[in-house]
Amino acid sequence: MKMTFRWYGDNDPVTLDHIRQIPEMTGIVSAIYNVPAGGVWSRESIAELKKKANDKGLEFEVVESVPVPEDIKLGNEKAPQLIENYCENVRRLGEAGVKCICYNFMPVFDWLRSELEHAHTDGSNGLAYDEETVLAMNPLTSELSLPGWDESYTKEQLKDLLKQYEELGEEKLWENVKTFLEAVIPVAEEAGVKMAIHPDDPPWGIFGLPRIITNEENLDRFLKLVDSPANGLTFCTGSLGADPKNDLVKMIRKYEGRIHFAHLRNIRHTGPRQFMETGHPSDCGSLDMYEIVKALHDSKFDGYVRPDHGRMIWGEKGRYGYGLFDRALGATYLTGLIEAVEKSSK
């Protein structure tokens, strides 16, 4: 397993010099952030990003993410050209030595939380989700900003998007992801790139929007749409683990060979559709991180892992979920688990 760390580019308060000092860190997970979704990334910008990482002794083999435009998810008249643009990005990233692309097919919202600075008893704070609070924040009328939504949309644009997805429905979204995969996966195979879809976060529908990458049954269906080793998963324990019905250890073992990237973090269930994000160790939350890492090892996973959403600790202020200190602690904890699992299996 290769330990990696997400980096948001030159404007990220967490620098490459910080990242390189984390023990056993092999590379960064990043993207080209100044090109709108649907645009083609220049070879020069990809090469520049790779050089910045390599100059600090870090690899750049994982992209998170190449965003999928709403027009592709909706399957409208703009979709064919945007899919071709997406394919061109896959080709160019493969040329640059990128081995894995993490992406998602979540309508409108990316990860969604009701609270960005939920206070923990130890004085740290982190992300949290409460279904009642979220549903009380009608995105069409509320003046509050829902953490995780794209604030580039005006209220009218958002209203129109929600209506379009309501009319689209879940089955049509399945058709559109199939169309996307049928075009992209052959290109990824040729480029030597593994596509790794990220689960919906949280893994259930919100505001009437269809969400399909949510549970074992749907992951089974997804992987069969285009049954190729290049069509795989980003196994995010925090996203899938938000639903206690998801048996993470069982799922990891089941999807041997189809998990290309793992986001490893812990959460604590605090009620029905209610959770908070915690420190990475098993005792901090509701997920058994040792058994999760062991399942990855036992299923011969040799892909990329990274610590995910960290708390803000030691007075740090930064990008919510993506500070340095707690994620660095998470990385070293996970490295220790990996070493223990590997040595105990010999």
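The values are calculated or read from the model by the stated rules, or taken from the named source; none is laboratory data. Everything numeric in this text was worked out from a predicted model, so none of it was measured. Don't worry about glycine lacking a Cβ; one is built from the backbone with ideal geometry, like all the others, and counts go over all protein chains shown. SASA here: full protein model, heavy atoms, side chains in, ligands and nucleic acids out. Shrake-Rupley method; radii C 1.70, N 1.55, O 1.52, S 1.80 Å.
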### Task
Pop a pseudo-label 7 angstrom from the Cα along the beta-carbon direction at both residue 269 and residue 245 and give the gap in nm to one decimal.
1.1 nm
### Message
Just to be sure I understand the rule: take each whole DSSP H helix in the chain, project its Cα atoms onto its long axis, keep it if the span is 27 Å or more and its mean Kyte-Doolittle hydropathy is at least -1.0. Which ones pass?
### Response
155-191, 325-344
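Please give the per residue accessible area of the chain, computed with a probe of 1.4 Å over protein heavy atoms only, in Å².
43 Å²
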### Summary
With label points set 7 Å from each Cα along the Cα-to-Cβ direction at residue 302 and residue 137, the distance between them in nm comes to 4.3 nm
### Query
List the chymotrypsin sites (Phe, Trp or Tyr not before Pro) in the range 245-346 that DSSP assigns to loop (not H, G, I, E or B) and whose Cβ has at most 12 other Cβ atoms within 10 Å. Which are they?
314
### Query
Using alpha-carbon positions, what is the distance between the centroids of the range 1-55 and the range 189-211, in Å?
21 Å
### Task
Specify the residue with the greatest mean-square fluctuation among 192, 321, 169, computed from a Gaussian network of the chain linking alpha-carbon atoms under 10 Å apart.
169
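Given the peptides 117-123, 31-37, arrange them by the average over their residues of other C-beta atoms within 10 Å, most packed first.
31-37, 117-123
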### Task
Starting from the range 272-309, pick out the trypsin sites (Lys or Arg not before Pro) whose DSSP state is loop and whose Cβ has at most 14 other Cβ atoms within 10 Å.
300
### Task
Obtain the nm distance between the two label points defined at residue 228 and residue 119 by a simple spin-label model: each point lies 7 Å from its Cα along the Cα-to-C-beta direction.
5.2 nm
### Task
Of the DSSP beta bridges with both residues in the chain, give the percent that are antiparallel, rounding to the nearest 5.
30 percent
### Task
Take the Cβ-Cβ distance between residue 76 and residue 155 as r, set R0 to 25 Å, and report the resulting FRET efficiency rounded to the nearest 0.05.
0.75
### Message
Quick check: residue separation of residue 163 and residue 220 times 0.36 nm, minus the Cα distance between them. What number comes out in nm?
### Response
17.7 nm
### Query
Out of the range 207-306, which GluC sites (Glu not before Pro) are coil in DSSP terms and have no more than 14 other C-beta atoms within 10 Å?
256
